[in-house]
1. Let's see if you can work this out: charge +1 on each Lys and Arg Cβ, -1 on each Asp and Glu Cβ, no other charges. What is the dipole magnitude of the protein assembly as shown about its Cα centre, in debye to the nearest 20?
2. What's the exposure ranking of A:53, B:204, going from fewest to most Cβ atoms within 10 Å?
3. Determine the shielding of peptide B:267-280 by partner chains: average, over its residues, the number of Cβ atoms on other chains within 10 angstrom of each Cβ.
4. Out of residues 5 or more away from residue B:356 or on other chains, whose amide H comes under 5 Å of its own, with H placed 1.01 Å from N in the peptide plane?
5. For residue A:161, which lysines qualify as cross-link partners when the Cα separation must be under 29 Å and same-chain residues fewer than eight apart are set aside?
6. DSSP beta bridges in the protein assembly as shown, what fraction antiparallel, as a percent rounded to 5?
7. Largest first and in whole Å, what are the equivalent-ellipsoid semi-axes of chain A based on the Cα gyration tensor, each being the root of 5 times an eigenvalue?
8. Top mean-square fluctuation among B:174, B:365, B:45, Gaussian network model of chain B, C-alpha springs under 10 Å?
2 protein chains.
Amino acid sequence: MPRPPHFSPSVSVIPGAVYSSQAERMRAWKGELYPLHVGDTWLSPAEGCRMEDLRAADHPELHRYAPIQGLPSLIDAIVERTRARTGVATEREDVLVTTGATGGLGAIMGALLAPGDEVLLLAPYWPLVAGIVASFHGVPVAVPFLDVRGPEELLAAVRAKAGPRTVALYVNTPNNPTGKVLPRAWVEALAEEARRQGWWLIGDEVYEDYVYVGEHVSTRALAPERTFSAYSFSKAYGMAGNRCGHVVGPTEAMGHLRKVSTHSFYATPTAAQVVATRVLGSVGDAWVANASARYREVGNEAARRLGVPPPEGSTFLFLDVSAHLDARGLPSFMETCAERGLLLSPGPSFGPFPHHVRLCFTCVPPEVALRGVDVLAGLLSPRRPVSR
Amino acid sequence: MPRPPHFSPSVSVIPGAVYSSQAERMRAWKGELYPLHVGDTWLSPAEGCRMEDLRAADHPELHRYAPIQGLPSLIDAIVERTRARTGVATEREDVLVTTGATGGLGAIMGALLAPGDEVLLLAPYWPLVAGIVASFHGVPVAVPFLDVRGPEELLAAVRAKAGPRTVALYVNTPNNPTGKVLPRAWVEALAEEARRQGWWLIGDEVYEDYVYVGEHVSTRALAPERTFSAYSFSKAYGMAGNRCGHVVGPTEAMGHLRKVSTHSFYATPTAAQVVATRVLGSVGDAWVANASARYREVGNEAARRLGVPPPEGSTFLFLDVSAHLDARGLPSFMETCAERGLLLSPGPSFGPFPHHVRLCFTCVPPEVALRGVDVLAGLLSPRRPVSR
């Protein structure tokens, strides 16, 4: 019973800001900055899809509440696209427009979890998902799969962490932070296991448009009766500040999700939804085609300079830096980076990975990102010991 | 353990949409529509504060993530205004910008509540607050105070519902739905009781700018060490679709609120925050002065036509229609209204009020709202029995 000055026990265990010590170190640096810890894009939104392109005269409801499920025109466009991309029967009722994929995953967890319920998270995972589970008093359970080599090993890893309170399995593909695109056989194995065990399946597919090797396999296509797939206009079209994403899931579940989203953010910002409707057409397709080519190019070059395999998808590389850590471990390494103007995300934000760092190669223009990569490559060079 | 096809028990008890049966009835009506169930304004945002007024050239970060606490310029403006209005020492750390007051109240409840904790809600209350408490597995406890005549009776009502699991007390003034502005002595009594009992105090002050009789008393001014006050740019400045509000609270609590908000909606939409920064100046003050005068005029006229006291604040009237109900009760009455094009909010959305309806007199232009009021006045006339 957290009366003042005590707080919710589940929120108290969520980690807070992880960048303060880095930010402090970086203040002393007078050179160029490389904030490669942010998952974002340097590209501006497509022509006609900026705020200044929206005329109140064309959209009289632009500054008023949108319907809680989303703007009808946007829902129609999402239904059409979902049917075309996944081949799964999809109706308007199966769609919820949300304040980014964050709001969508919140609506999913809020609708599903009783206090103490466990959610298996294939790890490394998108950092916020563990806190979303915890904020609804669920228990996030990491399932490390970094070294898994096939569907059988993947299932063994999942089963090792499953228990009687497991209610759902979360999978993020294309993966943030690893850049891995899960092969079809892996996603099939996960869907079959979820069905066998009676679990919900949650697919975080915000990078579905950014696949450079192989193909994106939608989780929902394989077990539509139990699967929620979350998407993000932020990630797909370079409009993270707009806070617009969506969830598609089983019809009978969506009323419960709408209840949670109504009580989390009421409705998704109206202007963001008007813009999202616009980009779900040829303008957006062209933007994605250009962005994808440019992301791939800079991702491949970053990987080459760092001596790691090129990313299969997403906008990230996840690097094992264990050979370069001193007794103080990762914080010391990250402070060394920060003193050279380079910010990275620490591995523990993504699960039990105390010796990894994530870098985003799209959050600043390619030439800047690659100069940041060079700073890191220099620190990781075997000829140059890392020291502070 | 809600595995498919079961859901979170706390979400299952949150009521869903309440307007479907009314909407169905309304479809048969061919005349003018009066959607007075929506809490919104017919006015457009102030000059320079529409989306089309924002130039990406002036705001290069317009479509990118804002900092999770909010845009620095907006936080500065909120701090300055809060100090001026409340006289309470307020620092940047005490402020969180949120996706409307909904997101703000969610961040508060998520930060405070362990499963089973009880929150006292002075009732009638803003409809979503009970569901926000429930979505974080808390227990909303209504404290009816419609007939209370002074601070002593108010405290007696509060104590009658308090218990060992009570952790917080929620008060909404100016009140949605009643239009009541709580007198200073009442708010003082609540603050003293919260301090005596060791409760948090939550002030929902989204209508602080719309007071027509008496003065608004900020809850936070009376017990700043334990009080969170929630505000809304939507309500103050006619931009509900932007989804921007804010919370001010005790410094040591705000880190916990930021954790919940980060995991609910990540950050408040950037464009909405740029606009909010603009309205916190003379442009917004002028807009509010005009809106307030016009709201008061239509509110007074609506009250006169319905034969009830004029609203003291907010944009609502809350009417006891018990004398006009048949055996089927409120749903039947509301369907009768809907058949004449008039939508109202049912009393039970605001607490234990089975014989009340709420109407918003600002959601459509005054002349339309008043024609809707006339429909209701006709149904409530003692000379005309309500029948379907």
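1. It comes to approximately 540 debye.
2. A:53, B:204
3. 4
4. Close amide H contacts, sequence-distant or interchain: B:321, B:347.
5. Residue A:161 reaches A:180, B:259.
6. 45 percent
7. 32, 26, 21
8. B:365
Rule-based calculations on the coordinates, nothing more; no lab input. Just so it is clear, the structure is predicted and the values come from calculations on it, not from any experiment. Note: ideal-geometry Cβ built from the backbone for every residue, glycine included; neighbour counts use all protein chains shown.
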